[in-house]
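The values are calculated or read from the model by the stated rules, or taken from the named source; none is laboratory data. All figures in this text were calculated on a predicted structure; none of them were measured in a lab. Positions of Cβ are backbone-derived with ideal geometry, glycine not excepted, and every protein chain shown enters the neighbour counts. Areas reflect the complete protein model, heavy atoms only, side chains present, ligands, DNA and RNA absent. Shrake-Rupley method; radii C 1.70, N 1.55, O 1.52, S 1.80 Å.
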Amino acid sequence: MTTNAQYAPPRPQPRPRRIQDALDSIKQELDLLHADRDSIRAQRDDLETQVNHQVNEVNTIRRSLYDLEVQQGKVRQHYEDELRRLRLELAGLRQAQGIPGFHPVPIPGPTDSKPPDIDLRPKARETDRIQDSRDPKRPKPERETTPPDPALPPPHVLYPAGPSSVRPHPRSPSDYHLPPINPTPQSSFPDELNVPPEFRKEGSDWFAVFNPRVKRSLDISLVHNLVHASVVCCVQFSLDGKYLATGCNRTAQIYDVKTGAKICVLADENANKSGDLYIRSVRFSPDGKLLATGAEDRQIRIWDIAKKRIRNVFVGHSQEIYSLDFSLDGRFIISGSGDKTARIWDMHDDSSSKVLTINDTDSLNNDAGVTSVAISPNGALVAAGSLDTIVRIWDVKTGALVERLRGHRDSVYSVAFTPDGRGLVSGSLDKTLKYWDVAALAARKGPEEVVMKKPGEKAPPGGMSACTMDFVGHKDYVLSVSVSHDGQWVVSGSKDRCVQFWDIRNATLQFVLQGHKNSGPDFTRCEPDWKHARDGEWR
């Protein structure tokens with residue numbers, strides 16, 4: 001028999017100690033988390049305070065900078081006013097003492113540089129593409145390089161220009177590297193503020209200032225305002241002066257000089273339609289029946305004007321074509337390109353050309369693209385201006401290099417023979433023109449009479465063509481030069497938007513013409529009537 005004690009219910013057991021310990025641990029962790037939260041909140045508040053402090057400091061600095069800017073503007077205005085006063089005082093002193101010096105008055109207007117750099121240099125320019133600023137004529141990578149200016153190139157080292165001077169005696173060969181400019185003027189303009197009204201001539205958007213110190217031998221007036229839809233890169237009159245051709249984007253246009261009417265538009269419908277295709281040079285044949293155009297696509301097109309169709313296409317240059325010139329008999333056409341060559345093309349045989357390559361070992365740099373070409377009146381010589389500052393002359397018959405003309409301090413952008421072939425005028429980015437006496441070359445009976453000198457070698461007698469005059473007065477790059485048909489006047493166009501007319505006998509400035517809102521990369525002469533001289537973007 002069992003007892004009742006054996007069936008008694010079990011006694012309740014106390015809670016295990018480990019659970020209590022776990023709860024206490026959790027509570028402690030919560031307390032730590034609360035403490036961390038409070039600490040983070042305190043740090044946040046501290047950071048916010050620091051950020052607000054720094055923001056206040058920045059605002060204080062901004063206010064200080066604004067006050068300094070206002071102050072600087074007032075100081076600058078004060079100095080400008082003082083400078084203006086001093087200029088007026090200097091003008092008065094010049095008038096009293098007869099100190100020469102002329103500075104054309106600028107015309108307000110945009111200074112964008114397109115046209116096709118003629119910066120003139122290949123594209124990238126014309127955006128100062130003059131500028132140009134496609135500045136103008138430097139070889140461009142496939143496709144561009146500068147602006148850009150219709151184009152721009154490496155910066156040029158410019159030198160201060162002094163007054164025009166005449167050298168009565170040729171310099172020695174050692175002088176040709178960087179010839180000094182004679183600071184003694186022949187006859188220059190007084191300050192423009194002192195030019196009497198009778199020596200100024202103005203139109204609605206142009207004006208001319210005549211030199212009161214020399215006899216007034218020329219006059220000028222606006223005949224036509226030929227408006228174009230795109231940049232005008234080049235112009236040329238026909239030999240009889242009846243027609244004017246202009247080169248633009250994809251088209252060449254021909255105008256009647258007497259009426260101003262557009263009589264012809266020449267466009268190659270087979271040309272590549274992508275992008276721009278600026279025509280950098282136009283040239284009438286001597287008989288006026290043909291027009292040659294040189295463009296960015298490296299092709300020379302010979303147009304039959306009456307039929308408005310292409311008669312010949314000359315292909316061979318590996319870079320843009322910047323300049324063309326016809327021989328007076330119409331047999332040859334000369335071309336210059338950024339590929340460092342000039343070529344002589346036979347109008348009766350378009351299958352071949354004579355290549356005149358610049359490969360001198362003594363060039364000042366490797367950038368020797370040809371910017372301008374000219375053939376002498378007798379058809380015996382070809383002159384080419386180059387980006388490496390040198391003017392080179394070749395014999396047409398043999399293709400031999402017969403002369404290097406050194407003297408310019410920056411790229412040469414234009415060359416022109418005088419009508420008698422005894423002189424050559426060059427224009428450069430160094431802001432000057434130079435007159436070279438090439439009579440010895442013009443008078444030779446055969447190429448054997450002129451032996452090309454080697455680098456550093458003294459020139460043989462009669463083999464050096466001397467620079468006898470400097471034309472100084474432009475304030476910016478000289479982009480184009482021309483000589484009047486009577487050989488008495490030189491005309492130069494510049495990026496300073498001025499066209500200057502010079503007496504070729506003594507480099508005296510006759511007058512200055514200003515009327516463009518951009519630089520004139522090219523101009524030409526009208527043979528029968530000199531008053532029709534034009535610059536590139538004629539308005």
- request: Among the residues of the stretch 236-253, write down those that are outside any loop (DSSP other than H, G, I, E, B) and more than 20 Å from Gln299 (Cβ to Cβ).
  value: Phe237, Tyr243, Leu244
- request: Could you tell me which residue of the stretch 200-218 is surrounded by the fewest Cβ atoms within 10 Å (Cβ to Cβ), considering only residues that are modelled with pLDDT under 90 and in contact with a Lys or Arg (Cβ under 8 Å, 6 or more places away or on another chain)?
  value: Asp205
message: Given the condition under 24 Å from Ala416 (Cβ atoms), in a loop (DSSP other than H, G, I, E, B) and not hydroxyl-bearing (Ser, Thr, Tyr), answer yes or no: does some residue in the stretch 347-355 qualify?
response: yes
- request: Among what's in the stretch 378-395 and is in contact with a Lys or Arg (Cβ under 8 Å, 6 or more places away or on another chain) and in a loop (DSSP other than H, G, I, E, B), pick the residue that is farthest from Ser323 (Cα to Cα).
  value: Ala380
- prompt: Does Leu178 fit the bill of being modelled with pLDDT under 90, exposed (fewer than 15 other Cβ atoms within 10 Å of the Cβ), within 25 Å of the chain's Cα centre (by Cα) and in a loop (DSSP other than H, G, I, E, B)?
  reply: yes
message: Among the residues that make up the stretch 328-341, is at least one of them over 27 Å from Val483 (Cβ atoms) and crowded, with 19+ Cβ neighbours inside 10 Å?
response: yes
statement: Residue pairs within 9 Å by beta carbon, gap of at least six or interchain, first lying in the stretch 384-398 and on the phi > 0 side of the Ramachandran plot and crowded, with 21+ Cβ neighbours inside 10 Å, second of a type in the set (Gly, Ala, Ser) and in a strand (DSSP E or B), listed first then second, are Thr389/Ser428
field: Cβ pairs under 6 Å, 6+ apart, first in the stretch 220-243 and more than 17 Å from Thr293 (Cβ to Cβ), second part of a loop (DSSP other than H, G, I, E, B) and open to solvent by less than 10 Å² (accessible area, probe 1.4 Å)
entry: Gly241/Cys526
message: Condition check: modelled with pLDDT of 90 or more, crowded, with 23+ Cβ neighbours inside 10 Å and over 19 Å from the mean Cα position of the chain (by Cα). Does Val499 satisfy that?
response: no
field: Among (1) more than 30 Å from Asp339 (Cα to Cα); (2) modelled with pLDDT of 95 or more; (3) open to solvent by 40 Å² or more (accessible area, probe 1.4 Å) - the single one Tyr255 does not satisfy
entry: (3)
statement: Over the stretch 399-429, the set of residues part of a loop (DSSP other than H, G, I, E, B), open to solvent by 10 Å² or more (accessible area, probe 1.4 Å) and within 24 Å of Leu328 (Cα to Cα) is Gly399, Ala400, Pro419, Asp420, Arg422
field: Hits in the stretch 263-285 (condition: touching an Asp or Glu at 6+ places or on another chain (Cβ under 8 Å) and open to solvent by 40 Å² or more (accessible area, probe 1.4 Å))
entry: Ile263, Asn272, Asp276, Arg283
Scope the stretch 181-199; condition touching a strand residue (DSSP E or B) at 6+ places or on another chain (Cβ under 8 Å), at pLDDT 50 or above and in a loop (DSSP other than H, G, I, E, B); matching residues: Phe189, Val195
- line: Within the stretch 299-308, residues out of contact with any Leu (no Cβ under 7 Å at 6 or more places or on another chain) and surrounded by fewer than 18 Cβ atoms within 10 Å (Cβ to Cβ) come out as Ala306, Lys307
